[in-house]
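The values are calculated or read from the model by the stated rules, or taken from the named source; none is laboratory data. Bear in mind that the values here come from a model prediction, so they are computed numbers and not experimental data. Reconstructed Cβ throughout: ideal geometry from the backbone, glycine too, with neighbour counts over all protein chains shown. Calculation scope for accessible area: heavy atoms of the full protein, side chains included, ligands and nucleic acids excluded. Shrake-Rupley method; radii C 1.70, N 1.55, O 1.52, S 1.80 Å.
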Amino acid sequence: IVAEIEKKITEAFEVFDRESNKTVDVREIGCIVRSLGCFPNEAEVQELLAQIEVEEPGGFIHLEQFLPVMTKVLLERRFWPIPEDVILHAFEALDENKCGYITKEDLVKHLTEE
C-alpha cells in the first residue's frame, strides 16, 4: 500500500514539476497536497513545509524530501476533506436562483467581484 501511495504522490508532484527535474516551486505544495485529497488550511501547509528539508535556494522542493513527509500525511489520514454538507451549503449560497447549478458567468462573477 505504501508503494501505491508513493506512486500517487509522485504523479501529483510531477504535474507541477514544470522542468522535469524532480523539483517544484514551494508555492505549489498546497496545490499538490490538495490534489491528493487533503485539504489543509494555509497554516497547516506552512507546518507541513517546516517538516520538509528545503535545500534548494529560491524556494524549490525536491521530490525526495516531499515524498516521505506526504506519505506519512496520507497514511495518517491528516487533513480530511471539507464535509459534503459544508460544500453543499456554499454551493446553495452561490445558486441564487435555486436552479441546482451555477453558470460559468455567475461563478466568475462571484470569484472576481464578491
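Given the criteria closer than 25 Å to Glu14 by Cα and either at pLDDT below 85 or of a type outside the set (Lys, Arg) (or both), does Gly58 qualify?
In short, yes.
Can you tell me how many residues in the range 71-84 are outside any helix (DSSP H, G or I), open to solvent by less than 100 Å² (accessible area, probe 1.4 Å) and of a type outside the set (D, E, K, R)?
The number of residues fulfilling the criteria is 4.
Go through (1) outside any helix (DSSP H, G or I); (2) surrounded by 10 or more Cβ atoms within 10 Å (Cβ to Cβ); (3) not assigned by the TED database to the domain that holds Ile5 and name the single condition Ile61 misses.
Here Ile61 meets the rest and fails (3).
Need the failing condition index for Ile87 against (1) part of a helix (DSSP H, G or I); (2) more than 22 Å from Leu111 (Cβ to Cβ); (3) not polar (S, T, N, Q), just the number.
Result: Ile87 fails condition (2) only.
Write out, first by first residue and then by second, each pair whose Cβ atoms fall under 7 Å of each other, whose residues are 6+ apart or on separate chains, and whose first residue, in the range 1-29, is closer than 22 Å to Glu42 by Cα while the second is small (Gly, Ala, Ser) and part of a helix (DSSP H, G or I).
If the second residue must be small (Gly, Ala, Ser) and part of a helix (DSSP H, G or I), the pairs left are Ala12/Ser35.
Listed here are the residues, each with its yes/no results for (1) touching a Phe, Trp or Tyr at 6+ places or on another chain (Cβ under 8 Å); (2) more than 18 Å from Val15 (Cα to Cα).
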site: Glu28; (1), (2): yes, no
site: Ile32; (1), (2): yes, no
site: Asn41; (1), (2): no, yes
site: Leu49; (1), (2): no, yes
site: Leu67; (1), (2): yes, no
site: Leu75; (1), (2): no, yes
site: Trp80; (1), (2): yes, yes
site: Glu84; (1), (2): no, yes
site: His89; (1), (2): no, yes
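Go through the range 95-105 and give me each residue that's surrounded by 10 or more Cβ atoms within 10 Å (Cβ to Cβ) and either modelled with pLDDT under 85 or in the same structural domain as Phe39 (by the TED database) (or both).
Across the range 95-105, the qualifying residue is only Glu96.
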